[in-house]
Amino acid sequence: MAKDKVRRAERRLPLEWLGILPFAIFSVLFLILPTMRIVTGAFQSPDGGFTLQNLADLNTASIRSAYWTSIKLSLISAGLGCAIGFAMAAAVIFGGLPKGVRSPLLTFSGVASNFAGVPLAFAFIATLGPVGLITVWLKTEFGINLRAMGFNLLSFWGLVITYLFFQIPLMILIITPALDGLKREWREAAAVLGATTAQYWRMVALPILFPSLLGTFALLFANAFGAVATAFALTGPQLNIVPIKLFAQIRGDVLGNPNLGYALAFGMILITVVANTIYIVLRVRSERWLK
Amino acid sequence: MTRFFAWSALLFGSLYFLLPLVGMTEFSLKMRRGEYSFDAYRRVFEDPRFWETFSYSLTLAVATIVVGVFLVAPTAYWVRLKLPQARPFVEFVTLLPLVIPAIVLVFGYIRLYNTSSWLPMTGSAFGTDILLTMGYTTLALPYMYRSVDTGLRTIDVATLTEAAQSLGAGWITILGRIILPNVMVAVLSGAFLTLAIVMGEFTMAALLNRPAFGPFMQLLGANRAYEPPALAVIAFAITWGCMGLMQLVTRFSKHERAKA
């Protein structure tokens, strides 16, 4: 009888897995296979054999500088996004601001974090571009010429300022639950033991928040690293960052070697996978504190 | 002191977020020299390509939502009911689109499903539309799955299923008439987020060469001065509308539950 039971369990198991078959087929066709194609393509020579030449060919001045600019752009926009988003979220939660501020801020963050891409670029061109609202206002009211001072929206720092428009709200959305999870008892316990507010933040709150802070940083990094539309609409195809380069390569093989495109994309996957692995590992660790 | 810093942080942030919105609105009204007018909007609305690309993206968004719901709701339900051991795998897969940039995915699509491949989807316009819909479903997958799964957590899936089964319901009836209506709020909020994502999407549509709203906006941005900010205002209104509807259904459901 026991044997019979075992056999039935054996027969039933695959049938239950059939329930997620459509999902499995979808993810293999549209997520896993395409990614595998890129990864294998990066290690293939034009005639199909195995090679490391594509990855070695990435080592040119132009591609190196594209990766470096992309990484710098993502690091800086993620870092500033984290810092400013944290300040805003902390201000609303602990700063003694009216209760009515919180819900509009979260709603607006939901909207702004999704307002990326082409229209976001237009909004910033209309504001900080050569004839934008602020540029013209500063020039006519104060005689300050942003352009003469070296500021150009279609540059690295212009891109950072623009990316912050979706980075800061994303930070606010993710960090608010974490800040809510800081128990009042911890602050009181620290105070009873004679800690100042600064000591409480430095020795209690920040160590607890550290995983979610660093984790969100990784997510923001990947978010900026993979963004194409905003940069493309802002500066066109000439800015030398990896996603734009890949975009141009897919459209017209500008690198003159189709397999180099695979290597370029493989490098992107590698970098975002590292960033997100950090995120996921730290997320799991930080959630232990939020129960 | 704390309050002073809190106010300045909030004020600084609000200023940063408000100025581009004011900037684009103001610029979009400046088409006529010396006075504010809606000329830029009229030009946008008179452009037949605006309506073509807009309705194309809207159609694709609806298709994406339908595919997404049919894909995600049964899977999330099944994982909750019968296959809790598959949860880590399914959750990992639904997180992948956040890890792999859209541009890399679409590159893979182009190479995998080109005209000389085993599944030549990019060979015809209709095939490419299907491919693009699947791509959008992939992009929306993390949000759709999370939303529906959270919805399923609030109902007793096992009891509802058993009750329906003892009344003689089959799987399709259970899913369509018991489970789905119960998580309708979650499905709708996932759907509105999907709508917001698809309407503004640029990369996939541009690289697959389909006439979507995102590439149209980009094209106009490269060639005109006053229409782009008008488009930005329209796009912002769409995003705002989607998020507003999302909040509305959530609030509506809380109200319902409180009454019950």
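The values are calculated or read from the model by the stated rules, or taken from the named source; none is laboratory data. If you're wondering where the values come from, they're calculated on a predicted model, not measured in any experiment. All Cβ positions, glycine included, derive from the backbone under ideal geometry; neighbour counts span all protein chains shown.
A few notes on this one:
- Residue in the range A:33-53 that is farthest from the other protein chains (Cβ to nearest Cβ), counting only those that are touching a Leu at 6+ places or on another chain (Cβ under 8 Å) and either in a helix (DSSP H, G or I) or crowded, with 20+ Cβ neighbours inside 10 Å (or both): A:Ala42
- With respect to being within 7 Å of chain B (Cβ to nearest Cβ) and under 23 Å from A:Ala218 (Cα atoms), A:Ile269 fits the description.
- Among residues of the range B:189-212 that are more than 15 Å from B:Val72 (Cβ to Cβ) and in contact (Cβ under 8 Å) with a residue 12 or more places away in the chain, those with a beta-carbon under 9 Å from a residue that is acidic (Asp, Glu) and assigned to a loop (DSSP other than H, G, I, E, B) at least six positions away or on a different chain give the pairs B:Ala212/B:Glu201.
- Matching residues, the range A:226-263, being part of a loop (DSSP other than H, G, I, E, B) and at positive phi: A:Asp253, A:Gly256
- Scanning the range A:184-207 for residues that are surrounded by 13 or more Cβ atoms within 10 Å (Cβ to Cβ) and without any contact (Cβ under 8 Å) to a residue 12 or more places away in the chain yields A:Ala189, A:Ala191, A:Ala195, A:Thr197, A:Gln199, A:Trp201.
- A:Asn276 polar (S, T, N, Q) and at the interface with chain B (Cβ under 8 Å from one of its Cβ atoms): yes
- From the options A:Ala116, A:Ala112, A:Ala148, A:Ala87, residue that is out of contact with any strand residue (DSSP E or B) (no Cβ under 9 Å at 6 or more places or on another chain), buried (at least 19 other Cβ atoms within 10 Å of the Cβ) and not in a helix (DSSP H, G or I): A:Ala116
- Check on B:Gly108, at the interface with chain A (Cβ under 8 Å from one of its Cβ atoms), without any contact (Cβ under 8 Å) to a residue 24 or more places away in the chain and either crowded, with 18+ Cβ neighbours inside 10 Å or assigned to a helix (DSSP H, G or I) (or both): yes
- Single match in B:Phe50, B:Phe17 (criterion: surrounded by 14 or more Cβ atoms within 10 Å (Cβ to Cβ), among the aromatic types (Phe, Trp, Tyr) and in contact (Cβ under 8 Å) with a residue 60 or more places away in the chain): B:Phe50
- No other residue among A:Leu170, A:Leu164, A:Leu154 is within 20 Å of B:Phe27 (Cα to Cα) and touching a helix residue (DSSP H, G or I) at 6+ places or on another chain (Cβ under 6 Å) apart from A:Leu154.
- So B:Thr59, is it more than 8 Å from chain A (Cβ to nearest Cβ), crowded, with 19+ Cβ neighbours inside 10 Å and either among the β-branched types (Val, Ile, Thr) or assigned to a loop (DSSP other than H, G, I, E, B) (or both): no
- Entry remark, the range B:14-50: residues being more than 13 Å from every other protein chain (Cβ to nearest Cβ) and touching a Ser or Thr at 6+ places or on another chain (Cβ under 9 Å) number 2 in total.
- Of all residues in the range B:115-126, those that are in a loop (DSSP other than H, G, I, E, B) and modelled with pLDDT under 85 total 6.
- Pairing residues of the range A:160-181 that are of a type in the set (D, E, K, R) with residues that are surrounded by fewer than 22 Cβ atoms within 10 Å (Cβ to Cβ), at Cβ distances under 7 Å and at least 6 apart in sequence or on separate chains, gives A:Asp180/A:Ile93.
- Of A:Leu128, A:Leu154, A:Leu133, A:Leu138, all but one fail to be more than 19 Å from A:Ala112 (Cβ to Cβ), under 30 Å from the mean Cα position of the chain (by Cα) and either within 14 Å of another protein chain (Cβ to nearest Cβ) or surrounded by 13 or more Cβ atoms within 10 Å (Cβ to Cβ) (or both); the exception is A:Leu154.
- Helices (runs of 4 or more DSSP H) wholly inside the range A:165-225 that include at least 3 residues being closer than 30 Å to B:Leu18 by Cβ: A:206-225
- Those residues of the range B:92-106 which are among the aliphatic types (A, V, I, L, M) and either modelled with pLDDT of 90 or more or within 15 Å of A:Arg37 (Cβ to Cβ) (or both), in sequence order: B:Val93, B:Leu96, B:Ile100, B:Ala102, B:Ile103, B:Val104, B:Leu105, B:Val106
- Meets criteria (closer than 16 Å to B:Tyr16 by Cα, among the hydroxyl-bearing types (Ser, Thr, Tyr) and in a helix (DSSP H, G or I)) for A:Thr127: yes
- When residues of the range B:28-45 are limited to those that are in contact with a helix residue (DSSP H, G or I) (Cβ under 6 Å, 6 or more places away or on another chain) and assigned to a loop (DSSP other than H, G, I, E, B), the one surrounded by the fewest Cβ atoms within 10 Å (Cβ to Cβ): B:Arg32
- Total residues in the range B:79-96, condition under 18 Å from the mean Cα position of the chain (by Cα) and more than 7 Å from chain A (Cβ to nearest Cβ): 2
- Taken as a whole, the range B:71-83 holds at least one residue that is farther than 26 Å from B:Phe202 by Cβ and not in a helix (DSSP H, G or I).
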